[in-house]
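A.B. asks: Let me begin by handing over the structure; questions about it come next.
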């Protein structure tokens, strides 16, 4: 059955549901969608269009998955999360107390080679920014179950970040004491 082409306006296009679709438009190479995608091709102008159902919700579900992903974020994943929070590179750099060029460089690399402390800081900033974005009028497209998942993860991750910070602080103190540069141990 022919439908109207969004490009030329003629009733010469054909639409079909795709069973699986590689969602390269997300900027991530490993996202595949199963269902919810319609492809429209026009025989008159030759254009092909793809429509993804509930795309705003999909993008937020991908962001949630990235935030909860174990291991280190890749540069493209960091870029995706920044975009999901509607942050500029300059805004993210200010939050991290980095230069904008540093954020740009890390986003361009598959492996940005972050330290554990940097990874934790990035995730904390993204979590806070994502929560702030979702709290804005009309911006939250997550289901109640997804919001609960985000809230639970945020709480667990903040506890983890606190533990990492405490371990790092103890390490720094131990290093300083061993070098004879810090004499706080006797006063504490």
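The values are calculated or read from the model by the stated rules, or taken from the named source; none is laboratory data. Only a predicted model underlies this, so the values are computations on that prediction, with no experimental measurement involved. A quick note on method: Cβ atoms are made from the backbone with ideal geometry, for glycine too, and the neighbour counts reach across all protein chains shown.
Each row is one residue, and each column tells you yes or no for (1) over 25 Å from residue 145 (Cα atoms); (2) in contact with a strand residue (DSSP E or B) (Cβ under 7 Å, 6 or more places away or on another chain).
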residue	(1), (2)
14	yes, yes
17	yes, yes
49	yes, yes
70	no, no
91	yes, no
105	yes, no
113	yes, no
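A.B. asks: With the checklist (1) closer than 23 Å to residue 127 by Cβ; (2) surrounded by fewer than 17 Cβ atoms within 10 Å (Cβ to Cβ) in hand, flag the one item residue 3 doesn't pass.
C.D. replies: Result: residue 3 passes all but (1).
A.B. asks: From the list 28, 73, 18, 33, which one is at pLDDT 95 or above, assigned to a loop (DSSP other than H, G, I, E, B), outside the structural domain of residue 111 (by TED's automatic domain parsing) and surrounded by 13 or more Cβ atoms within 10 Å (Cβ to Cβ)?
C.D. replies: 28
A.B. asks: Right, here's the next one. Kindly indicate whether residue 99 is more than 16 Å from the chain's Cα centre (by Cα) and modelled with pLDDT under 90.
C.D. replies: no
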